[in-house]
Amino acid sequence: MAADLVIKGGWVVTPDATFRGGVAISNEVIVAIGDDASLPDGKEVIDVKGKHILPGLFDGHVHFREPGMTHKEDFNSGSTAAVCGGITTVVDMPNTVPPTADAEQVKVKRELGEAKSLVDFGITGVVVQTNTKDILPMAAAGAIGFKIFFGETIGNLPFPDDGMCLEAFDYIAQSKLPLGIHAENRQIMAYNTNKLKAEGKNEARYWEASRPDICEAESVHHAIFFAETFGTKLHVFHMSSKQAAYMVRDAKARGMRITAETGPHYLLREPNDMDNVGSLLKMNPPVRTKDHGEVLWQGLREGFVDSIATDHSPHTLEEKGSDIYGKLTKPAIWDCISGFCGVETGVPLILTEVNKGRLTLNQYVKVASENPAKIWQVYPKKGAIRLGSDGDITVVDMEKEGTIDVNKLHSKNKPSPWHGWKVKGMPVLTVVRGHVQMRDGEPCGKAIGKALKPIV
């Protein structure tokens, strides 16, 4: 019997091996892997002509802004950008309007996503000062994990104080789901921000000084203590500093279940870049100096930084206080909102670095597919080219060159610090559970996305 889809003629890449051949998918799962001669016939056959066949790439940190902020993005526009960027699975953040803070909102978000999304998606629940009793019900309703915003962020959600963290970390440990943290110390941030404002330092270059590395490091240290005490699975979102990376490394060595992600902007940009692109590069936490980025690269290679995620967080240019080229339209960096698009540009940015030798393609598959699936407890259903795994495939052309043009991005709003960047290595085919969702950079699929169910 013919498979539903056969992808052949390429190089299959896993974290451990690269070999010539392809894969076959039927009923949305992988049913054959091997050289071309061993593959079954297919109802549809795609010859990728020597390109690389990767397990579907997984962005573990996106803000698709639905419900409540759909003027910025929604599940349809965000997931369209995702498939055009080679992404097959995402984890959506909970700071929406209303926030994903109880079981009912988990259900609301699942229904919205399954009606609109071109990719499969995980739903995170937020933990605030007043909802610790909702943690286990959110898990039962289908949350893939939880998030605490220790640092001020969009929506300014009230994070739990240390007393409530005793309950929060305990309940999350009982759920067996991971807790992801936005790790920034609000008191340090407030002190530095007020001081810089009083000194009249309003230029974009001062954004990093308002949230220095100690801000993140103290918060990570604090959370590690709580997680280690209660046995909570801890994940550090958007890790930006070498101090935090070393803490994660040391906690792993003690046997703690702790993971961390970083993003392309922390690997490739520095604070002085804001002199050129202004608030387009404004993100929480901020980009840091090159010495931090080098440790993050080291961590990706050596395993103490587990994954790459983009923190895709679109806003209108008016909210960003900038035009598309980075010219400020507001008087001070403090008046400009944080966050920018990333889900469509992250893969070519890092593949460019793979071509330069900073990671091997096998290492990239590990940090961009296998490890995120393990962090969110959906491996090997996701993140693997294995028999019985979901038929999620990203085909990349490592020779294809291009220039990032924000006007061609598929998000509803397109603020980006990457406009004009030259890239080499681009996704050319995105397949979600056997459904072709992108060909040659253009979306071609339907809303077939499903909410992820963690394996605990």
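The values are calculated or read from the model by the stated rules, or taken from the named source; none is laboratory data. Values in this document were obtained by computation on a predicted structure and should not be read as measured data. Here the Cβ positions follow ideal geometry from the backbone for every residue, glycine too, while neighbour counts run over all protein chains shown.
Only one of VAL90, VAL62, VAL119, VAL126 is touching a His at 6+ places or on another chain (Cβ under 6 Å), closer than 17 Å to ASP311 by Cβ and among the aliphatic types (A, V, I, L, M); which?
Working: VAL90 fails: touching a His at 6+ places or on another chain (Cβ under 6 Å); VAL119 fails: touching a His at 6+ places or on another chain (Cβ under 6 Å); VAL126 fails: touching a His at 6+ places or on another chain (Cβ under 6 Å).
Just a single option satisfies the conditions, and that option is VAL62.
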Subject >> Pair list, Cβ under 7 Å, 6 or more apart: region 418-440 residue within 13 Å of GLY391 (Cα to Cα), other residue among the acidic types (Asp, Glu) and part of a loop (DSSP other than H, G, I, E, B) >> reply: VAL431/ASP392; VAL432/ASP392; ARG433/GLU28; ARG433/ASP392; GLY434/GLU28
**OP:** Kindly indicate the residue of region 317-358 that is of a type in the set (A, V, I, L, M, F, W, C) and modelled with pLDDT under 95 and also farthest from the chain's Cα centre (by Cα) among those meeting that condition.
**Re:** LEU328
Original post:
Does ALA17 fit the bill of being aliphatic (A, V, I, L, M) and in contact with a strand residue (DSSP E or B) (Cβ under 6 Å, 6 or more places away or on another chain)?
Top reply: no
Subject >> Close pairs (9 angstrom Cβ cut-off, 6 or more residues apart or separate chains): surrounded by fewer than 19 Cβ atoms within 10 Å (Cβ to Cβ) in region 95-110, at pLDDT below 95 anywhere >> reply: VAL97/GLY155
**OP:** Say whether the condition of being in contact with a helix residue (DSSP H, G or I) (Cβ under 7 Å, 6 or more places away or on another chain), of a type in the set (D, E, K, R) and closer than 30 Å to ALA253 by Cα is met by at least one residue in region 339-350.
**Re:** no
Subject >> Residues within region 242-272 that are without any contact (Cβ under 8 Å) to a residue 40 or more places away in the chain and either small (Gly, Ala, Ser) or closer than 11 Å to ASP306 by Cα (or both), tallied >> reply: 4
